[in-house]
1. Can you find a residue that is open to solvent by 20 Å² or more (accessible area, probe 1.4 Å), among the polar types (S, T, N, Q), part of a helix (DSSP H, G or I) and in contact (Cβ under 8 Å) with a residue 12 or more places away in the chain anywhere in the range 278-297?
2. Can you confirm whether Leu559 is within 13 Å of Ile642 (Cα to Cα) and in contact with a strand residue (DSSP E or B) (Cβ under 9 Å, 6 or more places away or on another chain)?
3. Take Glu485 and decide whether it is in a loop (DSSP other than H, G, I, E, B), within 26 Å of Asp174 (Cβ to Cβ) and open to solvent by less than 10 Å² (accessible area, probe 1.4 Å).
4. Return the residues of the range 653-676 that are open to solvent by 30 Å² or more (accessible area, probe 1.4 Å) and of a type in the set (A, V, I, L, M, F, W, C); say none if nothing qualifies.
5. Would you please name the residue that is farthest from the chain's Cα centre (by Cα), looking only at residues in the range 310-328 that are crowded, with 19+ Cβ neighbours inside 10 Å and part of a loop (DSSP other than H, G, I, E, B)?
6. Which members of the range 385-409 meet the condition of being assigned to a loop (DSSP other than H, G, I, E, B) and closer than 17 Å to Ser314 by Cβ?
7. I'd like the residue in the range 631-652 that is open to solvent by less than 70 Å² (accessible area, probe 1.4 Å) and more than 33 Å from the chain's Cα centre (by Cα) and, out of all such residues, is farthest from Val588 (Cα to Cα).
8. Which residues, counting only those in the range 460-473, are surrounded by fewer than 19 Cβ atoms within 10 Å (Cβ to Cβ) and at pLDDT below 95?
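The values are calculated or read from the model by the stated rules, or taken from the named source; none is laboratory data. Predicted model, so just to flag it, every value in this text is computed and none were measured. Don't worry about glycine lacking a Cβ; one is built from the backbone with ideal geometry, like all the others, and counts go over all protein chains shown. Please note that ligands, DNA and RNA were not included when accessible areas were found on the heavy atoms of the full protein model with its side chains. Shrake-Rupley method; radii C 1.70, N 1.55, O 1.52, S 1.80 Å.
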Amino acid sequence: MAEEESKNFSAELSEKGGIENKGFAQNEVLNEKECNASLQEEIPETCTVGISSAAVQSQDCEVLKPFAGMPKEVLLKFSGQARYRVTREILFWLIIASTPVLVGATIAIVAVSPKCLSWWQASPIYQIYPRSFKDTNKDGNGDLKGIQEKLDHIVYLNIKTIWITSVYKSPLKDFGYGVEDFRDVDAMFGTMSDFENLIAAIHDKGLKVIMDLIPNHTSDKHSWFQLSRNRTGKYADYYIWHDCAHTDGTITPPNNWVSVYGNSSWQYDEVRKQCYFHQFGKEQPDLNFRNSAVQEEIHDIIKFWLGKGIDGFSINAVKFLLEATHLRNEPQVNKSHNPESISAYSELYHDYTTTQVGMHDIIRSFRHTMDKFSTEPGRYRFMGTEANQQENIEATMMYYGTSFVQESDFPFNFYLINMENLSGNSIFETVSLWMKNMPKGKWPNWAVGDPSTSRIASRIGKEYTNVINMLLLTLPGTSTTYYGEEIGMENIASENVTFPEKSPMQWNGNLHAGFSEGNTSWLPVNPDYQNVNVEVQKTQPNSTLNLYRELNLLRNNELPIHRGWMCYIWNDSNVFVYLRELDGLDTVFIMVLNFGQESIIDLKAVVSELPSEATIRLSTNFSNTGKVVNTKTIKTEKGEGIILEYKTRKTVHTMEAFQVKCFVAEKACYSSALNILYMHC
């Protein structure tokens, strides 16, 4: 009988537009009498209303929200029942008990997790010399709009960081490194608005940008120098001035100090009637960093550009910031030479003009200023230093700072650039020199080219270009690629060109290699541009460009290469062999790089635990990629590089014979069960 009444009730409800919900009828309109009656009944009667608007208006019902649920009195009646009360209490105490467990687990994960790599560690750096990159206004000089136009090329390379060399307003006596105004862009490159648009475009593509800072000196056209030579106010002491004898057109300098470019580093000024000191060209007077006002000026310049949105600086010539105040003569390298004949920088030991006490304090103060702009998540501001202490690796490593006081994120590593000969042994020695001297926990970096050095292909031979790029992108740390090296550009062969490594970027086979649509370019384009350019190499599977891109993809996608251990396996006059592995992962990569002549090596004889076979994951000869090779007979041609991949659970860095040959910058281990990296292996 009850079942039949229920069916009739549901039918009636359906006919009148009501909604049945687990024994309770809900409707947008409720009859007032029935609403009042519901307060006195255990289960309320249903207010049924037709769907016509006239019917709704004719009734005096209270409007409820759709699906309002059961009335409060009914809810309280049910909530007091044991089965609901006990369930709530169980859930409550489960939540209370699980909270400290979850908090503890979170703390544990944070404690054991390795430090996340910052943006400057996660990708190579692409160094652009703006004047030679891309010209958009047809004047033959590259500009800021040209960089913006070609940002997709950097994205195509899988690179995340751009380094723009000096674009400050300058008389260009030293290719822009004698600055006339630190707060303005040279008109050759565009306007400040162009610069701001470029920074915005770079960030829109998810990239970062660093720029040069040259604090050691200015141009002699700088307003500070003009005021200083006239002894105007505080600027009188902004530069290093000293009396020097000046008779009959002959200058007798205060001492024997020599400029980097040769001859005396003292220049007589007719206005002030004194000599000013310059470590570089005579048009580039050194600032007096013993004057606190000068230091404050540089801090303000750092703040100015960080405020514009740049992500960091490469700070140039930092070892020259301070000079000894006593002005003693610097010691001669060859004491038998006549002191009066010394004119070359290499003829003196520069004990009083480089790396003076207090210099590192100044660099740390730069770091402190930049840290103030690094508080936002994801906005860490990078600081690299250009020291080039080639003769003193310990002095170079000091630019990292200490475990307690940070200086630069890394000093730029030019040791591969300055390497005098190429062989498997020399590459090993150069790489090992940096890794074994680098302070624990610091991050390595590598470069094989820059705006002042002959290009790789011209310096060591174009047959080694690809294997050098393979080295650069598989070593631990951050690599720097000078524009054009990704396509194997060479120096221009011209006796009239002072810096042949600065030739225009070769984009395509059109006039001026696509660098400019004007009638000329500031430097000649290399005649090989018809075959060596970005456009044509994109279509060639075995090109230098596509190999570079594949190497970057491999680095980004494989944790052992990205942040794993590096172990030296073998080196001789021809090959340099090293391994990359990560605790917890069974995938291991071995790089066999040939910097000499054809070679065959038995890797299994060196590492007995190696499997008998390995797969070529990537090769400078793309046709070899994917082949399975015998680890007893690994053959490489002249200038060939191969990356071998194999599976194993036996890590080489834990083997006693290799423990002194293995290095890791940011130690991490992989948990396949949790799919996370952790620190304490």
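1. Yes: one or more hits.
2. no
3. Yes, satisfied.
4. Those that are open to solvent by 30 Å² or more (accessible area, probe 1.4 Å) and of a type in the set (A, V, I, L, M, F, W, C): Met655, Ala657, Val660, Phe663, Val664, Ala673, Leu674, Ile676.
5. Here the residue is Glu323.
6. Once the filter is applied, which keeps residues that are assigned to a loop (DSSP other than H, G, I, E, B) and closer than 17 Å to Ser314 by Cβ, the range 385-409 yields Glu386, Ala387, Asn388, Gln389, Glu407, Ser408, Asp409.
7. Ile634
8. Once the filter is applied, which keeps residues that are surrounded by fewer than 19 Cβ atoms within 10 Å (Cβ to Cβ) and at pLDDT below 95, the range 460-473 yields Gly461, Lys462.
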